[in-house]
Amino acid sequence: MKLFDSHCHLDDPVFQPDFDAVLARAARSEVRAMLIAGVNEKTSRRAVGLAAAHDGIFASVGVHPHDAAGCSDKILAALAALAADPGVRAWGEVGLDFNRMYSPVQDQEHWLERQLETAIDLGLPVIFHERDSRGRLIEMLQGCHTQLTGAVVHCFSGTATELRRYLDFGFHIGVTGIVTMQKRGAPLRELVPAIPEDRLLIETDAPYLTPAPERNRRRRNEPAFVRHVLLRLADVRGNDPEILARQVWRNTCRLFGIEETA
């Protein structure tokens, strides 16, 4: 089995004390590649540096909606320059988050529009973050989704209607450890059979969203645990795990423009 953790945050300081051990555990769990998603200029630089230093690690750059209030033209220009690095395979994570409101709505929407323009200009696929935007993200994407090189809705936890709209846009759907959680994951498990096999991605969002059963033993998530996401997905969908793993690997490599033999 060959697994790709399509979204993690290995740049987080919690991984510094045992970073090499984290990579070793991922390898033992057959995680052959991972993408570190940037959320601001600082984390994007760290992600690119880690990608440059380690085979099988890729990066994305962008400004998360939580950080939108601190964004600027200067930061976008710096990220665009950083995106020239060969390890950078996407722009993101970007989007809208109306749950915690760390940044005002107008800032989130303004800098999302600017980042979409940048991603389109650079020909990079986009990693979307969406939480409680009540259809606003879909509304904002109506006029530009056809111009995107590709996209994934990271950590999908929306409604059936939202899922259909994202699929109609041609987007991929990222599934995290939420799918393994008995209560919280129930609505997601009802929807995942409706996702076409060629649109599925798996991810950890490490160090967050530790999947079951690991969440009963440890708090910190890590790329090795993406295997639990794949196995639960295969179980819910009635797929052979190895066949599904091959398809998800192809999906991820295709979206991010990575050789499938990577």
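Any read-out appearing in this document is the output of simple, stated calculations on the displayed coordinates, not a laboratory observation. Note that this is a predicted model, so its numbers are computed, not measured. Cβ sites come from the backbone with ideal geometry, for glycine too, and all protein chains shown count toward neighbours.
Backbone geometry of the stretch 104-110 corresponds, through the Karplus equation with coefficients 6.51, -1.76 and 1.60 at θ = phi - 60°, to 3J(HN,Hα) couplings of x, 4, 5, 5, 4, 5, 4 Hz, x marking Gly and Pro. Taking the helices alone, the chain has a mean residue ellipticity at 222 nm of -11500 deg cm²/dmol, built from -39,500 (n - 2.57) per DSSP H run of at least 4 residues and averaged over all its residues. Among Gln142, Gln115, Gln247, which one shows the highest mean-square fluctuation when the chain is modelled as a Gaussian network with alpha-carbon springs under 10 Å? Fluctuation is largest for Gln142.
Note on Leu122 and Ala212: their simple-model spin labels are 3.9 nm apart, each label 7 Å out from Cα toward Cβ. If the chain between Lys42 and Ser72 were fully stretched, how many nm would it gain, using 0.36 nm times the residue separation less the Cα-Cα distance? Length difference between fully extended and current span is 9.4 nm. Using 0.36 nm per residue and subtracting the Cα-Cα separation, the extra length available between Val14 and Glu260 on full extension is 85.5 nm.
Note on Arg250 and Glu197: the model spin-label points, each 7 Å out from Cα along the C-beta direction, lie 0.8 nm apart. Which value in nm describes the separation of the simple spin-label points at Asp240 and Glu139, placed 7 Å from the Cα toward the beta carbon? Label-label distance for Asp240 and Glu139, simple model: 4.7 nm.
Apply 1/(1 + (r/R0)^6) to the Cβ-Cβ distance of Arg220 and Asp55, taking R0 = 22 Å, and write down the FRET efficiency to the nearest 0.05. Present the calculation step by step, with values, prior to reporting the outcome.
On the way: r = 23 Å, r/R0 = 1.07.
Using R0 = 22 Å, I get an efficiency of 0.40.
Rg/Rh for the chain (Cα atoms only, Rh after Kirkwood) is 0.93. The GNM of the chain, with springs linking C-alpha atoms under 10 angstrom apart, assigns the highest mean-square fluctuation among Gly158, Gly38, Gly174 to Gly158. For the stretch 142-219, the gyration tensor built on C-alpha atoms gives a prolate shape. Its axis ratio a/c (a ≥ b ≥ c) is at least 1.5, and a/b is the larger of a/b and b/c. The lysines within cross-link reach of Lys74, meaning a Cα-to-Cα straight distance under 25 Å and a gap of 8 or more places when in the same chain, are Lys42. Close amide H contacts of Ala151 (hydrogens built in the peptide plane, cut-off under 5 Å, sequence separation of 5 or more or a different chain): Val126, His172.
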